[in-house]
Every structure is written in C-alpha cells, then in structure tokens.
Amino acid sequence: MALLIDGKRISAEIKDETKAKVAELKEQGVEISLAVVQVGDNPASCVYVRNKKKACEYVGIKSVSHELPEETTEEELLNLIEELNNDDTINGILVQLPLPKHMDENKVIDAISPYKDVDGFHLMNVGALSTGQKGFVSCTPYGIIQLLKRSNIEIAGKHCVVIGRSNIVGKPMSMLLLRENGTVTVVHSKTQNMKEITKQADILVVAIGKPKFVDDTFIKEGAVVIDVGINRDEDNKICGDVDFEKVEPKTSAITPVPGGVGPMTIAMLMNNCLESYYLCKAKTTK
C-alpha cells in the first residue's frame, strides 16, 4: 500500500508554523504585509487571489489588494510596482499571472524588487537558486521539497526525474533536487525514449500539463511519484498529470490530486512573505 502524501496536512503545519512566527513579530511591533496585484478579472486568477487573501488572514499577514481593470496600461502597472518597491510597509509583492496580452510578463516580473519577489520569479532569485545563494524560491517546487522531507523521503543519492521544463516548476524543481543532492534528469516534449528514462526514477515529478499523461508504464516498482498537474478529465472531474488509479499500486508514495501539491503552493507563499521581512531587513542593515 503506497503512502498517500497528504499536502493538506503538511501545508497546514507550515501555515501554523508561519502563523506562530508572525505572531512573535507582531508582539515586537512588526507587521508583515503582502501586496497582491491583479489586472483584469480572469476567473482562475480571482480564485487564486481569494485563496491567497484567506491564507494571509489565517497566518496574520496583512494583505493589501490592488485590483486593476483589464485596460490598465503596462506603464501604469510598472508605476504601481515602483511605488510598492519603495513602500517600507510592504514586505512582499505578488503580481497575479497571467497578465493581459498587451503586457510583457517578463518586464513586469523584473520590475519587482528581488527582495520583495515572494513568487521567486525575478532573474536575481532564479540566479541565486542556480548558484546556491540565498533568495526566494518559487512556491510550487519549494513546496514539493517540503512534501518529500516532511514525509521522510530521502532525496540525496536518489535518481530524480522531472517531466517538464517550465520556468515556474520544471527548471527550479530540478535545481532544488540537485541542491538536496539528488541525481537529476529532466525530460520534456522533445525527449526521445521518455519511458525508458522515467522508469529509472526513484522520485518522479510530473509537471507536463496533460491530464492522466503518466500511467503505470512510466513507473518503476516502488517509485515516489509527485503529481503537479491540475486538469479536468473527460467527466469534468479534477485530475492530475498522473493516472492515479493505474500508477498508485506500483508506487511507494504518491501525491493525490487534489490535496497533494496544490495546498503547498500557498503555504510556501506565506513562508516566503515571512522571509521577505528578513531579506528586506538584511538589505537595509548592510
């Protein structure tokens, strides 16, 4: 029987730990605050933003909301980000993606101060991760490392295979697994003989964005499988990138969808908001 890695439980632990630290800072007269910027009313974005606000409320972080109309210009958004960068009462800045098509997402992300970039997308933070320096790590891969560690799953020395090479999950995931002394292979849409590679994986992280793409023929007996995907199947039910029913019997541990990786993303965002206070403090005391 495979271990079902419980993202809801582990994310609740992390949020409670963050809540306790935020409360300690409040006793010292310090309030942690997160600015959340949303442009337009994309339905999925509205759900994500609402969940982030709920999490902030739970852990005691002040959420400062900036809801901008779809027709907001890129220059207006960049001006707002500059104001937030210079506002000492704001510790973290999150610009909800995707942005409207008339905006350059890379330009907007790079405008955020790397010391307030709680999403971990800024080039400076990506560079810090790749060179082993201190900085923000994007929340989903950071959460996956916590899922593994808090489930007592050893990473060091294991062959870790990541399916997917996105800037948000695949690439930072591979670097984090390397940082934990895993032996890492990345496969993607252009990889030849993908199944031959994934069947060597002790730990398989699937982030390819295709419903039930990975079945039991991708998995070696006893592997740990982490499913990052959130999709809808032919019956309009939420499912992952992994065909859970086929894969679970072959694994030693697996994440469900929903209730696996998903809750960890917001938990690690809350953790990054707390870390933003210390990073900004370190910057100002240099």
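Bear in mind that the values in this text are calculations on the coordinates, not laboratory data. This is a predicted model, so every value here is computed, not measured. Reconstructed Cβ throughout: ideal geometry from the backbone, glycine too, with neighbour counts over all protein chains shown.
Compared with the dominant Cα axis of the chain, that is its longest principal axis, helix 7-27 is turned about 20°.
Simple rule: put +1 on each Lys or Arg Cβ and -1 on each Asp or Glu Cβ in segment 139-262, find the dipole, and look at Ile203, Phe244, Gly222; the Cα lying farthest toward the positive end is Ile203.
A Cβ-based charge dipole, computed about the Cα centre of the chain with Lys and Arg at +1 and Asp and Glu at -1, lands at about 880 debye. Ordered by the count of other Cβ atoms within 10 Å of each Cβ, fewest first, Tyr277, Tyr115, Tyr58 give Tyr58, Tyr277, Tyr115. Taking 28 Å as the cut-off for C-alpha to C-alpha distance, list the pairs among Lys19/Lys250; Lys134/Lys237; Lys8/Lys158; Lys53/Lys246; Lys52/Lys246 that go past it. Listed pairs above 28 Å: Lys19/Lys250; Lys134/Lys237; Lys53/Lys246; Lys52/Lys246.
Shape class for segment 141-253: rounded, because the ratio a/c of the largest to smallest gyration tensor axis (alpha-carbon atoms, square roots of eigenvalues) is under 1.5. Annotation for segment 100-114 versus segment 218-286: alpha-carbon center distance of 25 Å.
Near the amide H of Val64, within less than 5 Å, lie the amide hydrogens of Leu34, Ala35, Val36, all on another chain or at least 5 residues away, with H placed in the peptide plane. Against the chain, whose longest principal axis is taken from its Cα atoms, helix 139-150 shows a tilt of about 60°. Quote the FRET efficiency, to the nearest 0.05, computed for Thr183 versus Ala2 with a Förster distance R0 of 22 Å and r equal to the Cβ-Cβ distance. It comes to 0.45. Ordering Thr89, Val49, Thr72 by Cα displacement along the dipole of segment 29-116 toward the positive end leaves Val49 in first place; charges were set at the Cβ atoms of Lys, Arg (+1) and Asp, Glu (-1). Helix 262-284 and the longest principal axis of the C-alpha atoms of the chain enclose an angle of approximately 40°. Dipole magnitude for segment 139-262: computed about the Cα centre from +1 point charges on Lys and Arg Cβ and -1 point charges on Asp and Glu Cβ, it is near 460 debye.
Around the amide H of Val95, modelled in the peptide plane, lie the amide H atoms of Val37, all under 5 Å away and 5 or more residues distant in sequence or on another chain. With θ taken as phi - 60° and the Karplus curve 6.51 cos²θ - 1.76 cosθ + 1.60 applied, the whole-hertz 3J(HN,Hα) list for segment 88-100 is 5, 7, 9, 8, x, 10, 10, 9, 5, 9, x, 8, x Hz, x standing for glycine and proline. If a spin label sat at a point 7 angstrom from the Cα of Asp87 along the line to its beta carbon, the backbone N atoms of segment 37-62 nearer than 13 Å would be those of 37-38, 62. Once you have a ≥ b ≥ c as the square roots of the Cα gyration tensor eigenvalues for segment 29-116, tell me rounded if a/c is under 1.5, and otherwise prolate or oblate according to whether a/b is larger than b/c. Oblate. Other residues whose C-beta falls under 12 angstrom from the C-beta of Val47 contribute a net charge of +3, scoring Lys and Arg +1 and Asp and Glu -1.
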